[in-house]
Amino acid sequence: MKKWTILTIVLLSAVLLIMQYIIEKKKVAAPGGGQQAVTTEPMGVALPAGATYFQNSSVDVYVPPVTTGAGYGTIALPTVQTSYKGACEGASLGGMLSTHDRYWGFFARNASFSEDETQKMYAFLADYTACQAAARTDVSLCDALPGLVENAPFKVDPKGTANYRCREKSISLFFEAYLAGALAGDGYCRLQMSYWPKEDLAGVSVPEYCAAAQKGPEQASAYIRGVYPQIPAADIAREYPVRKTDCGGDAQCLEKFLLYQAMKSGKPSSCPSGYGQICQALAERSAMPCEKTLQEMSKFYCATVARVKKASGGLIGLSKEEAKAELAKLKAQQDEAAAAKKQEQKLMEEVNKQVRETLKKK
């Protein structure tokens with residue numbers, strides 16, 4: 001009897017353990033479908049204030065942001081290769097970039113290029129880099145150039161920075177080439193749209209617009225007229241000129257028209273002024289045409305360095321303190337040289353005197 005009692009207790013204990021296991025398993029079961037519940041921590045970083053999040057977004061609605069370029073300071077173009085040695089010593093591409101913010105630049109030292117000369121150097125550099133970007137059909141090379149500048153000693157127009165000028169020229173050319181059928185891939189269209197006002201983007205289907213633009217300026221113009229019927233037709237025509245008369249004398253419109261015609265005809269030589277090398281680089285997919293811009297930049301650099309050195313007594317790229325110390329050093333060297341010369345003259349006079357006395361004795 002005692003044996004059966006013990007066996008019953010063991011069986012009851014086993015049943016209790018099985019029931020406890022089943023209850024615990026139900027506690028962690030996911031509601032519906034029997035999937036195990038998983039607790040996850042929030043992932044990623046919160047979006048900044050004002051950022052827009054498109055649920056179920058895709059590449060079809062993507063318009064790349066306008067970049068601001070590299071931080072102000074040292075300029076490096078490591079992927080650009082050139083064998084040009086420069087119009088004078090130190091005027092190769094690397095040599096000119098190494099003197100940025102010493103000889104030229106928004107924060108250059110006292111004895112340096114003037115404001116206008118600095119702006120011209122940036123323009124040359126922007127055009128040269130835009131030409132390199134055209135040869136590669138890749139505007140991202142422009143982002144190696146400095147963009148927004150803070151606390152400059154004189155006012156700097158954001159649209160006048162090297163980065164902005166480089167991107168503006170490259171993207172303008174790429175879009176007209178896209179309209180003309182010389183470039184494929186709507187990425188060039190989306191790049192152009194990155195400069196549109198947000199309110200204009202709101203009413204446009206990116207893939208539909210780019211598909212229309214791929215067929216030419218007339219189709220792009222027709223699409224915009226359909227989306228924004230309130231905009232005067234003449235204004236839209238100036239954005240997508242098919243004939244020279246569409247421009248009505250507007251310089252920017254004429255530039256677009258000439259770029260489109262050059263890309264459509266395959267004659268880069270008919271591109272507007274300032275686009276000669278960049279158009280040729282795109283047409284040939286070669287960076288060789290860019291060398292002409294680099295040579296012009298180097299000649300200007302050499303002439304300006306010579307001017308500054310002459311005006312400052314050779315003290316180019318020095319701060320006031322450095323210039324003062326250098327002048328003191330030069331004066332000390334001059335005084336030392338003068339003293340040595342005086343001593344030499346005195347010695348010569350003594351030798352000559354002794355020679356004369358010796359000759360008299362004979």
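How many of the residues in the stretch 209-221 are touching a helix residue (DSSP H, G or I) at 6+ places or on another chain (Cβ under 7 Å) and part of a helix (DSSP H, G or I)?
Here the count works out to 8.
Results for (1) crowded, with 19+ Cβ neighbours inside 10 Å; (2) in contact with a Pro (Cβ under 7 Å, 6 or more places away or on another chain), shown as yes or no for each residue.
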residue	(1), (2)
Gly187	no, no
Pro197	no, no
Val204	no, no
Tyr209	yes, no
Gln214	no, no
Ala237	yes, no
Gly248	no, no
Glu255	yes, yes
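Given (1) closer than 15 Å to Leu173 by Cβ; (2) free of Cβ contacts under 8 Å to residues at least 12 places away in the same chain; (3) not polar (S, T, N, Q), where does Glu255 come up short, assuming only one miss?
Unmet for Glu255, out of (1) closer than 15 Å to Leu173 by Cβ; (2) free of Cβ contacts under 8 Å to residues at least 12 places away in the same chain; (3) not polar (S, T, N, Q): (2).
Which of the residues that make up the stretch 168-202 are among the acidic types (Asp, Glu), in a helix (DSSP H, G or I) and free of Cβ contacts under 8 Å to residues at least 60 places away in the same chain?
Glu168, Glu199, Asp200
Take the stretch 199-229 and flag every residue that is of a type in the set (Ser, Thr, Tyr) and closer than 19 Å to Phe257 by Cα.
Ser221, Tyr223
Quick check on my filter: what residues within the stretch 71-88 are exposed (fewer than 15 other Cβ atoms within 10 Å of the Cβ), touching a residue at least 60 places away in the same chain (Cβ under 8 Å) and within 24 Å of Ala303 (Cβ to Cβ)?
Passing the criteria: only Tyr84.
Any read-out appearing in this document is the output of simple, stated calculations on the displayed coordinates, not a laboratory observation. Because the structure is a prediction, the values reported are computed rather than measured. Positions of Cβ are backbone-derived with ideal geometry, glycine not excepted, and every protein chain shown enters the neighbour counts.
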